[in-house]
Amino acid sequence: MLVSLPAAALATALGTTLGLIAGYYGNTRLRFPCAYWLAAVLLAGSLFLFRLPQAGIARVWYPLLLGGTALLLGKQLQRFSLFRRPLAFPVDQLVLAAVTLLAAIPRLLLVLAIAAAFEPTIPGLVLLLALTSWTQSARLTRAEVRRLLELPYLEAAHSIGLPAWRIIRHHLLPNAWRPIATTFPLSIAVFIALETTLSFLGIGLPPETPSWGKLLALSRLSPSSWWLLLFPGICLLATTLSLRKLLTLGKIKSTF
């Protein structure tokens with residue numbers, strides 16, 4: 001639970017945020033002036049072309065300096081009518097592309113490949129699991145937001161000119177959160193199984209960190225010590241079944 005619960009919470013928060021943005025803005029609602037698009041392209045190019053940290057500028061000030069320069073350039077370019085024309089940012093298409101890409105790669109293989117390349121730390125493992133497991137909550141949130149946008153009260157909110165942040169915060173998020181909260185216990189169970197698999201293989205967690213997977217792995221060294229296999233297995237099974245029971249209770253409660 002030291003890894004599974006924070007990873008599940010972080011993945012759910014990330015997926016919910018991306019799902020809200022993708023579902024609400026779609027491919028046409030989020031617009032920026034051409035000046036900021038050009039400034040962003042120049043900023044991305046300068047990150048690769050210029051090596052200011054090697055010239056004596058502190059590494060922490062390097063992105064701030066480039067970001068400030070790009071923002072100032074974008075404001076100056078807006079003086080010209082050509083660069084004031086807004087362009088749509090296809091956030092929905094990008095989120096769906098990221099979801100499709102992550103879904104095409106088996107999660108266990110992806111996590112194993114990345115975790116084996118870095119030093120094992122608990123925060124690193126939490127971040128890795130969250131960044132590779134946010135797709136389910138993003139899909140659920142996006143689908144719920146698209147459904148809610150068709151309801152009359154949200155059409156009325158748009159017609160009276162409510163700002164986007166107010167619609168998202170007060171109308172979309174409280175209603176779109178319900179299916180995510182219902183499936184959250186199952187997400188924890190999936191993360192527990194994934195973390196146990198990684199620790200059983202000796203990947204992801206520091207050597208001094210206790211884990212059910214490490215206890216199960218120790219049973220291979222001493223086959224006669226049956227308790228090393230029995231009790232961690234019982235704890236893992238009981239936790240998973242309890243979380244599935246919470247999922248069932250959450251679905252029953254959401255119907256009333």
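The values are calculated or read from the model by the stated rules, or taken from the named source; none is laboratory data. The structure displayed is predicted, hence computed values, not measured ones. Cβ: placed from backbone, ideal geometry, glycine included. Neighbour counts: every protein chain shown.
Structural remarks
- Total residues in segment 192-206, condition of a type in the set (S, T, N, Q) and in contact (Cβ under 8 Å) with a residue 60 or more places away in the chain: 1
- Test for L162: is it at pLDDT below 90 and either out of contact with any Cys (no Cβ under 7 Å at 6 or more places or on another chain) or at negative phi (or both): yes
- Scanning segment 185-237 for residues that are hydroxyl-bearing (S, T, Y) and more than 19 Å from M1 (Cβ to Cβ), we see that the one that is surrounded by the most Cβ atoms within 10 Å (Cβ to Cβ) is S219.
- Meets criteria (at pLDDT 85 or above and either in a loop (DSSP other than H, G, I, E, B) or surrounded by fewer than 14 Cβ atoms within 10 Å (Cβ to Cβ) (or both)) for L72: no
- Wholly enclosed helices (runs of 4 or more DSSP H) of segment 101-158 bearing at least 1 residues more than 15 Å from A22 (Cα to Cα): 107-115, 122-131
- Residues located in segment 207-230, provided they are among the aromatic types (F, W, Y) and either in a loop (DSSP other than H, G, I, E, B) or free of Cβ contacts under 8 Å to residues at least 24 places away in the same chain (or both): W226, W227
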